[in-house]
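This report concerns only the one structure given below.
Nothing in this text is a laboratory measurement; each read-out follows from the coordinates by a stated rule. These figures come from a predicted structure and were not determined experimentally. Cβ sites come from the backbone with ideal geometry, for glycine too, and all protein chains shown count toward neighbours.
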Amino acid sequence: MNTDGIAPEVRSILDAARSRGGGGDRLSVDPRSLADAFAAAEADGRVPLVAEVKPTSPTTEGERTDDPVALAREMVAGGAAALSVLTEPDHFGGSPETLERVRAAVDVPVLRKDFVLDEAGLDVVAADVILLIARFVGDDLADLVAAARDRGFQVLVETHTREEVEAAVAAGADVVGVNNRDLAELDVDLGTFERVAPAVPEGVTLIAESGVTTTDDVRRMRRAGADALLVGSAIMDGNVRENTHRLTHARE
């Protein structure tokens, strides 16, 4: 794992992830199709959006204490094509139980958002999609992608640089996220996606992550090649249904 230059907050998250360890029995998942969900949104005239149930985070102030199931349902009602649910408890206020409850309450694909560092970390809770962060799993990426798919998961590989995109594609990733947040300093630059997106080959689903707050941001990311967007704080800050509807209807 390459943690050189990582912000202290992120290093703390990784330390906590290693301390939590993995799950129990090997999972077997029957996933809802992320590709079909994105296609359905496009056909309906909506921007494909993965809305994130995120009670808190190291980069936000305060905590959202609403029932996450109620929030998830409002996001879907607002037009979200899929959901992302934090299962990291110490820094984001999430839990595997929250993901279980949300997934049982909605009919869209649900991404498990956490810091999975090894194969045991896959066997925590069933989800439709699982996140693997290229920087943090390093040379184990290809093995983890294969292990996740063997369990039935669809895999979103998160990247931040062109080199990480190349590693993700070499590992067999067919869904790649480009995170606009620099995990070294935790600052956000939407230009990151614009610089990195051209490295993603045709046929790979491309998701813009972090920093999208306005309809102009949505349009900017779409122009740069985003097939979908993952948005957390801009939806959780206020009326989640209205915020989701606003962003999913930010067409050109």
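Sequence-distant or interchain residues sharing an amide H contact under 5 Å with Phe153, placed H: which?
For Phe153, whose amide H was placed from the backbone, the distant partners under 5 Å are Val29.
If you average the sequence gap of Cα pairs under 8 Å that are 6 or more apart and divide by the length of region 69-227, what percent do you get for the contact order?
14 percent
If you count the DSSP beta bridges with both ends in region 8-248, what percent of them are antiparallel, to the nearest 5?
Around 5 percent antiparallel, to the nearest 5.
Could you sort the peptides 156-162, 81-87 by per-residue average Cβ neighbour count (10 Å cutoff), highest mean leading?
In decreasing order of mean packing, 156-162, 81-87 become 81-87, 156-162.
Expressed in nm², what is the orientationally averaged projection area of the convex hull enclosing the Cα positions of region 188-232?
2.9 nm²
Sort 66-76, 198-208 for me by packing, meaning the mean count of neighbouring Cβ atoms within 10 Å per residue, highest on top.
66-76, 198-208
Identify which of the listed values of P(r) over Cα pairs in 5 Å bins from 0, in percent was calculated from the structure shown: (i) 1, 6, 13, 17, 19, 17, 14, 9, 4, 1, 0, 0; (ii) 1, 7, 15, 19, 22, 19, 12, 4, 0, 0; (iii) 1, 6, 13, 15, 16, 15, 13, 10, 7, 3, 1, 0, 0.
(ii)
Out of residues 5 or more away from Ile133 or on other chains, whose amide H comes under 5 Å of its own, with H placed 1.01 Å from N in the peptide plane?
Val116, Glu158
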